[in-house]
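What follows is a short report on a single structure.
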Amino acid sequence: MKLFKTVDEKFAEIGFVKVKEGEYGVTYKRKDNKYNFTQTLDLVRKGSGRHLIQSYDAKLTDEKKIGNTGVGLTMYEAKLCVKKMKQMGWRIKK
C-alpha cells in the first residue's frame, strides 16, 4: 500500500497524460471535450536557471495562424508544476 501519490499520479487524476520526460523538461497533454481542444503543458529547463512553465493549445497555431493560445492554470496545477520541477532537481532563481 502506498502512502503518498507521485506528482505524475496527481497530474493523471486531473486528466493530464505524460507524453515525454527528459533532461530538458517534461510534457503533459490533456483533452478538453467541453471546448474541444488539447492543452499542452511543458515544464522546460533553461541553462540560465530561469525555468519555464508553458500551457497552451498547440493545434491553434496551424489552423488560425495566430500563434499558440495560452491556457490558464489553476493554483493546484501550478503547485504540481513546481513540485515536479523540484523533483527533477531544478531550483528557483530570481
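Grab the DSSP H runs of the chain that are 4 residues or longer, score each as -39,500 (n - 2.57), total them, divide by all residues and round the 222 nm result to the nearest 500 deg cm²/dmol. Mind dumping the intermediate values first?
Working: 3 runs with 26 residues, N = 94.
When only DSSP H runs of four or more count, the value is -7500 deg cm²/dmol.
Report, in debye and to the nearest 20, how large the dipole of the chain comes out about its Cα centre when Lys and Arg carry +1 and Asp and Glu carry -1 on their Cβ.
420 debye
Taking Cα atoms, how many degrees apart are the long axis of helix 75-87 and the longest axis of the chain, rounded to 10 and kept between 0 and 90?
Compared with the principal axis, the helix lies near 50 degrees.
Put +1 on the Cβ of every Lys and Arg and -1 on every Asp and Glu Cβ in the chain; which of L3, L41, Q54 then has its Cα farthest towards the positive end of the dipole?
Toward the positive end, the furthest listed residue is L3.
Show me 28-35, 83-90, 17-24 ranked by packing, highest mean number of other Cβ atoms within 10 Å first.
Working: 28-35: 12.6, 83-90: 15.2, 17-24: 11.1.
The densest-packed peptide leads the list: 83-90, 28-35, 17-24.
Rounded, prolate or oblate: which fits the range 15-94, taking a ≥ b ≥ c as square roots of the Cα gyration tensor eigenvalues, rounded meaning a/c under 1.5, else prolate when a/b beats b/c?
Note, shape of the range 15-94 comes out prolate.
Here, each number is a calculation from the coordinates, and none is a lab measurement. Every value quoted in this text rests on a predicted model; they were computed, and no experiment measured them. Please note: Cβ atoms are built from the backbone with ideal geometry, for glycine as well, and neighbour counts cover all protein chains shown.
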